[in-house]
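So the structure is just underneath, and the comments pick up after that.
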Amino acid sequence: MFDDKLTLAGTRSARASLAGNGEEAADTLTHSTVMMIDDDPITLEVIQAFLAEAGYRKTVPLSQPAQALQLIRHEQPDVVLLDLLMPGVSGFDILQAMSSDAELRYVPVIMLTAASDAETKLRALELGATDFLAKPVDPSELTLRLRNTLAFKAYRDRLAHYDSLTELPNRRAFIERLRSLLQQETPAPQRMAVLHIDLDRFKEINDTLGYGVGDTLLKAVTERLRAVLRSIEKLHGSGAGGRSVLSRFGGDEFIVLTPDLANSPMPEMLARHVATALAAPIIIGEHDLYVSASIGIAISPDDGVDVITLLKNADVAMHAAKQLGGNGFMFYSSELNIRSLERLTLEHGLRQAVSGAQLRLHYQPQVEIASGRIVGFEALMRWQHPELGLLMPGRFIPIAEAAGLIGELGEWALFEACSQLKAWELAGFRDLVVSVNAAAPQLQQAHFPETIDRALKSAGVLPGNLMLEITESMLISEGDQSVAVLDRVKDMGVGLSLDDFGTGYSSFSHLKRLRIDEIKIDRSFVADMDTSLESTAIVAAILSLATGLGLKVVAEGVETEDQLANLAARSCQNFQGYYFSHPLPADQISGLLALRANRK
Ligand code: C2E
Ligand code: CA
Ligand code: CA
């Protein structure tokens, strides 16, 4: 997946500026390595004197043309001054050999020649010579030609090594830098960290709001990442083994390399700083964009001693972080490698799951606290995998989202939940509401309201008996199309429930703007109510907010009698949780309904 063969010869000047603090290679000239190949030692000496005079500090003279290729490869010069006529191996031979060598092809060559005939020059140009210089060499002519050639080369190196959007070192530059660091053997191999940073749901933003907004967002993210590295450097110094390098790998992928872990802050701290830096919305035009990142961390030498392995493992860890829901980081472990294999297997199987009737819905009752009556159900997806057994959504929903399959799964769930609700209605259980979870990509589909409409009509269920569960994090921005989609869903008469409330931005403007009917208190607060005063206070605050706004409230994850009593004391209307019932297959739900005398 990573191109490891990108060694461009003679990238010393570009590399020098990467190694440092990213400053422009201002004095490319004097840092350039100039190699001279001429069989005449006197010419070499004269040119060398001219170059020294002009400020060039690194010159490599060679009077044995037979060793030319070997030396060019070793010295990686920025430019070669090459005599055309030499005994044995001629300048043409060397040019020819260079032009057919992938590594040497792009080293600029200025031909030194007394010959002024057009044919010779043409042939040299065809073989890739950059320029000509007449012998005997005139000093001002020499410096002028050199300067031009080097300036052009610096420009070309920059194009090849920097990302034009963010002006960060690109993937190729990063790989070169990492490789050269990994090859350093003195004094002992350093411990290094590679952080693979991938923005969550960037594609959605790009698709919904357009490339212009996407590009601006990437630039803003770059600025925040740069600021993180700067502030960390201020706090901890830059580490004896060099500063951290930030690079853009393409798309929404960034990489940070900490070259000297022993003298730098821990990678998890860096990852936390990145998360904090991205937490505040990025404002672009009328959009407040919420971005987060999934970060994978690989450490050398433990997780790899070569470029490919380190980058691959950081990538595997990043995917693991993403699978856990994003907005987090993960260290690489060999176990992850096994999991990433499993991930691929599951993704493959998911494509058959819908058509092969392997998906199931389990239903968890929602109960009115005051009466003890079942008022509805949350439909929760399961995958009856032919080999792995019953899989929980945490294992396959993130994969389905990443693989672009969630739309199909979600549509299936809507149809299935509606037809099940109809079946219960026909069995005499009326006024039940079924809640179906939505996923972010579904809200980006302009036809999503029509899909819901079809599901309702095909089952013959009224819109008021369906509730759609969404989370705040699904909304990319206020001006985003998902808000318009939800508006249309709401206009149809379908209810909207804000899931996991309290864990996201808990923004009141969302509540009003979206015409929410119900909020679900996240189960983490309910679980902590017994022990944490803070959680109890949050639950109380949510309940009074909901009362004020005239919203229904469902407390999630109620497991104990105490929790239920606590909620009842604060006038919470409904609850759902293991205390009453686990999510169950539909046939077991019918029994439960009969038992609770829900039949009217
Ligand atoms: P969620 O929407 O927050 O669903 C509630 C989760 O809490 C369910 O996990 C449920 O089994 C679990 N739960 C219920 N009562 C208790 C309790 O008392 N204690 C504890 N500890 N947990 C309880 P489940 O079924 O594994 O689903 C996990 C998540 O997967 C859901 O979280 C939802 O985000 C997602 N999901 C499930 N079905 C679908 C679906 O059809 N479409 C989409 N897009 N996502 C789904
Ligand atoms: Ca839910
Ligand atoms: Ca929830």
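The values are calculated or read from the model by the stated rules, or taken from the named source; none is laboratory data. Everything numeric here is computed off the predicted structure, so don't read it as measured data. In this analysis, Cβ positions are derived from the backbone assuming ideal geometry, glycine residues included, and neighbour counts consider all displayed protein chains. Protein only, heavy atoms only, side chains kept; ligands, DNA and RNA dropped before computing areas. Shrake-Rupley method; radii C 1.70, N 1.55, O 1.52, S 1.80 Å.
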Once phi is turned into ³J(HN,Hα) by the Karplus curve 6.51 cos²θ - 1.76 cosθ + 1.60 with θ = phi - 60°, what whole-Hz value does each residue of the range 93-104 show in order, with x for glycine and proline? 4, 5, 4, 4, 5, 5, 5, 9, 10, 3, 7, 9
Which values, in whole Å and largest first, are the semi-axes of the equivalent ellipsoid of the chain obtained as the square root of 5 times each eigenvalue of the Cα gyration tensor? 66, 23, 21
Which of 376, 104, 91 sits closest to the plus end of the dipole of the chain, meaning its Cα is farthest towards the positive end, when Lys and Arg get +1 and Asp and Glu get -1 on the C-beta? 376
Which of the lysines could be linked to residue 203 by a straight reach, that is with a Cα gap under 17 Å, when you skip same-chain ones fewer than 8 residues away? 219, 322
Quick one: with all protein chains in place, what share of the accessible area of the chain is carbon or sulfur, to the nearest percent (1.4 Å probe)? 54
Over the range 12-161, calculate the relative contact order: mean separation of alpha carbon pairs under 8 Å at least 6 apart, over the residue count, as a percent. 22
tail above 13 Å in the computed P(r) of the range 34-77, as % of all Cα-Cα pairs, reads 51
Expressed as a rounded percentage, what relative contact order does the chain have, with Cα pairs under 8 Å and six or more residues apart? 9
Considering lysine pairs in the range 345-591 that are 8 or more places apart or on different chains, how many have Cα atoms under 25 Å apart? 11
Let me spell out the model: positive unit charges on the Cβ of Lys and Arg, negative unit charges on the Cβ of Asp and Glu, origin at the Cα centre of the chain. What dipole size does that give, in debye rounded to 20? 1040
Relative contact order for the range 345-591: what is it in percent, counting Cα pairs under 8 Å that are at least 6 residues apart? 19
Share, in percent, of DSSP beta bridges within the chain that are antiparallel, nearest 5: 50
Directionally averaged projected area (convex hull, Cα atoms, the range 12-161), nm²: 8.5
Between helix 171-183 and the chain: long-axis angle, C-alpha atoms, 0 to 90°, nearest 10: 70
Once amide H atoms are built 1.01 Å from N in the peptide plane, which residues 5 or more positions from residue 292, or in another chain, come under 5 Å H to H? 200
Keeping every protein chain in place, order 486, 182, 388, 462 by accessible area at 1.4 Å, biggest value first, i.e. largest first. 462, 388, 182, 486
Where the convex hull is taken over the Cα atoms of the range 377-530, what is its projected area averaged over directions, in nm²? 10.7
If one compares the long axis through the Cα atoms of helix 393-402 with the longest principal axis of the Cα atoms of the chain, the angle in degrees, nearest 10, works out at 50
Helix 448-459: inclination vs the chain longest Cα principal axis, degrees, rounded to 10, gives 30
Would you mind checking which residues have amide H under 5 Å from residue 437's amide H? H placed 1.01 Å from N; only 5 or more apart, or other chain. 379, 469
Could you state the accessible area per residue of the chain in Å², with a 1.4 Å probe and every protein chain left in place? 45
Through the Karplus equation 6.51 cos²θ - 1.76 cosθ + 1.60, θ set to phi - 60°, convert the phi angles of the range 512-521 into ³J(HN,Hα) values in whole Hz; use x for Gly and Pro. 6, 4, 8, 6, 6, 9, 8, 10, 10, 5
The ³J(HN,Hα) series, computed from each phi in the range 191-206 with the Karplus coefficients 6.51, -1.76 and 1.60 at θ = phi - 60°, rounded to the nearest Hz and given as x for glycine or proline, is 7, 10, 10, 10, 10, 9, 9, 10, 6, 7, 6, 5, 4, 4, 4, 4
Using eta = 0.890 mPa s and T = 25 °C, Stokes-Einstein with Kirkwood Rh from Cα pairs puts D for the range 171-332, in µm² s⁻¹, at 153
Amide H of residue 559 versus every other amide H placed in the peptide plane: which residues, excluding those fewer than 5 positions away on the same chain, fall under 5 Å? 579
Could you point to the residue in 190, 37, 594 farthest towards the positive end of the chain's charge dipole, with +1 and -1 charges on the Cβ of Lys/Arg and Asp/Glu respectively? 594
Under 20 Å Cα to Cα from residue 153, which lysines show up? Leave out anything in the same chain fewer than 8 places away. 58
Out of all DSSP beta bridges in the range 345-591, what portion is antiparallel? Express it as a percent rounded to 5. 45
Within-15-Å neighbourhood charge of residue 196 [Cβ basis; K, R +1; D, E -1]: -3
